[in-house]
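Here's the structure we're looking at; comments come further down.
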There are 2 protein chains.
Amino acid sequence: MVSKLDKKKQRGENTRKALIKSTIDCLDRLGYAETSINRVLEGVDVSRGALMHHFPSKEDLVIGTVDFLLSRILRHYQQESPNSFPFAQVTHSDNGTLADALVTYWKNIIDTPEGRAFSEIIMATRTDKALSLRISPKLEDWNEQLNQFFLPPGLDEEAIEDVTLTLLIWRSFIRGMIFQQEFHSDPDYIEKIIRKFAMIMEPHLRLVQTQSGA
Amino acid sequence: MVSKLDKKKQRGENTRKALIKSTIDCLDRLGYAETSINRVLEGVDVSRGALMHHFPSKEDLVIGTVDFLLSRILRHYQQESPNSFPFAQVTHSDNGTLADALVTYWKNIIDTPEGRAFSEIIMATRTDKALSLRISPKLEDWNEQLNQFFLPPGLDEEAIEDVTLTLLIWRSFIRGMIFQQEFHSDPDYIEKIIRKFAMIMEPHLRLVQTQSGA
DNA sequence: TCTTTTACATACCAAACGTACGGTATATAC
DNA sequence: GTATATACCGTACGTTTGGTATGTAAAAGA
């Protein structure tokens, strides 16, 4: 049975979601600098008071958005694990090449409104100390949790470090592509770079597979 | 002989340089969002009128800063070419490993106030259309010029593409490290990732060397 | 000498910013 | 019924923003 309280809480939850969605949209379209409370409100039918009720400050709105984005990616892995991640996908099955998997990851996760909004926040976190204090621990936790998806039990310390570093190289590269995009007017060229990267990384991912005993 | 005109022009040039330096400092410390005209002026003994004289709008100030940063890196290559670039360094001489060269590049070029300021502007360019129209052509030119340092004459089309893509992978990776830094409280860990990347890339850089006939 | 240009200074502006706060409606708890 | 909590509304505040208008001093060119 759905009580009146549940309905009310549901309404509040919907408002929160709408505000976060609008925030993501603003971050993607306007960037962090131009994402103001007014702009967020323009994109959604919510009053100024309602926003301040759910998110007492702009910083709280950003934190709420980060929480949503981090859990979104974790959910992505949990749902499809272990076949969701490009590396896992190519090492656990023969459906498609590593290059295809990496390009798909770029298109479905990184080069999306959510992925770009996430990058905007990470970039802002670098210089906003108050934001950094609240977000950095979340990022370190999240990073750790992600790594767990690709670390089968029983690995020795050296192998764990090897896998972890390889994953970080992949993440650093793919995030750097957001910058690199600005240097190329042709979007197909981005795909070309990713495919070349996949070719170079392939042997090292096979190494990961061997070590994990899969 | 130094005329009074020269002195005056020199004075103006000094003011421009000071403003750009302060802008870089603000971008590095505060990020693009918090880099305002007032903040830039706080860091330097120049009046508001003087700033508006040299840079009629905030956008002009950013463009001026970009011009400075781009030419700074080009100068770096021109001075030390062909031994300045990590790849060239390791392929043209035996002084140090590729890993050392890449770490040095990270520390001396990317992870500096100028490098971080540059990243802030690139990131802002993604969403600021007016800025993008003025900066993107500069970036494409600059990218092209940089590539020329590592493309010896006489390479066939396929080899050129191969070298170009390898360089772009390196650049994308190292720029992505600026994001990645936010995920790790230990700065030494960044160096570890770069060294692992160097290990993976080494054979492909030797390939470049062979193809270029060096 | 007179005019123009360059370099800089001061004062001010409208617009936008994030935040605070008083108020309404509705639900639950006692 | 009364108290309390939640969800939401709308206005007003003080500050900061990028930008402009107007002025001065000095050097250059006519």
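B:L205 meets each of the listed conditions (1) closer than 23 Å to A:R116 by Cα; (2) open to solvent by less than 10 Å² (accessible area, probe 1.4 Å); (3) among the aliphatic types (A, V, I, L, M) apart from (1). Among the residues of region B:142-168, those that are more than 20 Å from B:H204 (Cβ to Cβ) and at the interface with chain A (Cβ under 10 Å from one of its Cβ atoms) comprise B:W142, B:E144. Annotation: of all residues in region B:19-57 being part of a helix (DSSP H, G or I) and of a type in the set (S, T, N, Q), the one that is nearest to DNA strand D (Cβ to nearest atom) is B:N38.
Only a single item in (1) open to solvent by less than 10 Å² (accessible area, probe 1.4 Å); (2) modelled with pLDDT of 95 or more is not met by A:E114, and it is number (1). A single entry from B:R134, B:R126, B:R116 fulfils the requirement of being more than 10 Å from chain A (Cβ to nearest Cβ) and not polar (S, T, N, Q): B:R134. When residues in region B:175-197 are screened for being more than 7 Å from chain A (Cβ to nearest Cβ) and open to solvent by less than 60 Å² (accessible area, probe 1.4 Å), 7 of them pass. Among the residues of region A:1-14, none qualifies, meaning not one is at pLDDT below 95, part of a helix (DSSP H, G or I), surrounded by 17 or more Cβ atoms within 10 Å (Cβ to Cβ) and away from chain B (no Cβ under 14 Å). The residues of region B:117-150 that are open to solvent by 10 Å² or more (accessible area, probe 1.4 Å), farther than 20 Å from B:F173 by Cβ and touching a residue at least 12 places away in the same chain (Cβ under 8 Å), listed by number, are B:A124, B:A130, B:R134, B:K138, B:Q145.
Only a single criterion out of (1) over 25 Å from A:S119 (Cα atoms); (2) in contact (Cβ under 8 Å) with a residue 40 or more places away in the chain; (3) not assigned by TED's automatic domain parsing to the domain that holds B:A117 is not satisfied by B:G64, namely (3).
The values are calculated or read from the model by the stated rules, or taken from the named source; none is laboratory data. As the structure is a prediction and not an experimental result, all values here were calculated from the model. Please note: Cβ atoms are built from the backbone with ideal geometry, for glycine as well, and neighbour counts cover all protein chains shown. These accessible areas exclude ligands, DNA and RNA; they are computed on the full protein's heavy atoms, side chains included. Shrake-Rupley method; radii C 1.70, N 1.55, O 1.52, S 1.80 Å.
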